[in-house]
Amino acid sequence: MPLNSCILDPAPLFDLYRGRLSTEILCAVACRTRFFRMLGNSGMSFAELARAMNWSDRALNVVLTALRAMEMVEMTSGEVYRPTDSARLFLDPGSEFALAGYLGLSAHTPAVDRFVEALESQANKPDSDAGTAFTYRPDKPSAMDDPETARFLTLSLAGRGRCVAPELAAKVPLNADEKVLIDIGGGSGWYSIAYLKAHPHAKAVVWDRPEVLKVAQENAVAEGVADRLECIGGDMFVDKFPVDADVLLVSNILHDWDLPEVDHLLRHWLGQSRHGARLILHDVFLNDALDGPLPIALYSADLFLLTEGRAYSRAEYLDRFDRSGWNADPNQSPIRTLAHCGVLQARANH
């Protein structure tokens, strides 16, 4: 019997939760940096703006996408970024209608301080007292290896997985000849569990950090699929797959990493995948023009603060597939699930 489906899309709740990022971005950029002063009325190219602000490409991508979604910045046909009429009217300190002073009432809160610090940090490696937050790196302590923190973070993210997993399994089902699924960075295991409940012929491996897998094992037992779900610890950057899989499921993982790491992971996974193996990439997607939508642009800013990545567009992911050797239909559109997520697919036809 399939896992019970969620009758409502939780996207509006996520939008409310992430709405705070609008304030943090506007206050940080308009009141705490020289961004609009450097941009001027005529605008600048991406490269010119990155040099002028001394920001990383990742930081500038996050800010420009958010400001374009807010209709404060626009891009010309010559790929020059310039302020919109709203920005010139309300964010230019010299305008008689300037509102930057009003925004300044919240410009020195801890949240805005943190965003400014992240923009100014070229390394942008977010650390917590327990180590790297939300991500794992073998060269430093990781929160995902601390029992209490790993359990807290895994359970925190599990709610979204429980809501979305049945929709994913229904919208992107396994084929009859796809019998083994590996859930890379599968966390709480809900996506694998949903697939196993919908496909009694299948087996799954949730591949993640050992402390994280304790939650997945508990969920598998509670849902009666523990005999077909195996939890195996590993490092997705360097380790070989613990199983010869027909399907690779990568749900909300790649957005945790910057483009060089994304490229490495895709190449590493392709190199050990059987011919014809299917990659199911389940994630959020920015517009191909990187000008919104606003909810994903704000989520991208949250990822910027919490991880080493950001949100990517459909076009960016398809480009990464091509660069790393995966075979993907360049004209495919994301198959929508819930919580602003969708699916792109590729094949290991090497």
Helices (runs of 4 or more DSSP H) wholly inside the stretch 1-84 that include at least 1 residues being polar (S, T, N, Q), closer than 26 Å to THR109 by Cβ and touching a residue at least 24 places away in the same chain (Cβ under 8 Å): 20-32, 57-69
Any idea which of ASP319, ASP302 is more than 14 Å from the chain's Cα centre (by Cα) and modelled with pLDDT of 95 or more? ASP319
I'd like the full set of residues that are within 28 Å of LYS240 (Cα to Cα) and of a type in the set (A, V, I, L, M, F, W, C), limited to the stretch 286-314. LEU303, LEU306, ALA311
Among the residues that make up the stretch 61-73, is at least one of them β-branched (Val, Ile, Thr) and more than 25 Å from the chain's Cα centre (by Cα)? no
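Any residue that is touching a residue at least 60 places away in the same chain (Cβ under 8 Å), polar (S, T, N, Q) and part of a loop (DSSP other than H, G, I, E, B) - is there at least one of those in the stretch 262-275? Spell out the reasoning first.
Of the stretch 262-275, the ones touching a residue at least 60 places away in the same chain (Cβ under 8 Å) are 263, 266, 269-270, 273-275.
Remaining after also requiring polar (S, T, N, Q): 273.
Subset that is part of a loop (DSSP other than H, G, I, E, B): 273.
So far as the stretch 262-275 goes, yes, one or more of its residues are touching a residue at least 60 places away in the same chain (Cβ under 8 Å), polar (S, T, N, Q) and part of a loop (DSSP other than H, G, I, E, B).
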Consider the stretch 166-208. How many of its residues are in contact with a Ser or Thr (Cβ under 7 Å, 6 or more places away or on another chain) and either assigned to a loop (DSSP other than H, G, I, E, B) or modelled with pLDDT under 95 (or both)? 3
Residue pairs, Cβ under 8 Å, 6 or more apart or interchain, first in the stretch 167-178 and closer than 15 Å to LEU196 by Cβ, second of a type in the set (Val, Ile, Thr) and surrounded by fewer than 19 Cβ atoms within 10 Å (Cβ to Cβ). List them. VAL172/ILE335
Filter the stretch 74-111 for residues that are within 14 Å of GLY43 (Cα to Cα) and among the aliphatic types (A, V, I, L, M); which is nearest to the chain's Cα centre (by Cα)? MET75
Selection status of ARG274, touching a Ser or Thr at 6+ places or on another chain (Cβ under 9 Å) and basic (Lys, Arg): no
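The values are calculated or read from the model by the stated rules, or taken from the named source; none is laboratory data. As the structure is a computational prediction, the values presented were derived from the model and not from experiment. Virtual Cβ from ideal backbone geometry, glycine too; neighbours counted across all protein chains shown.
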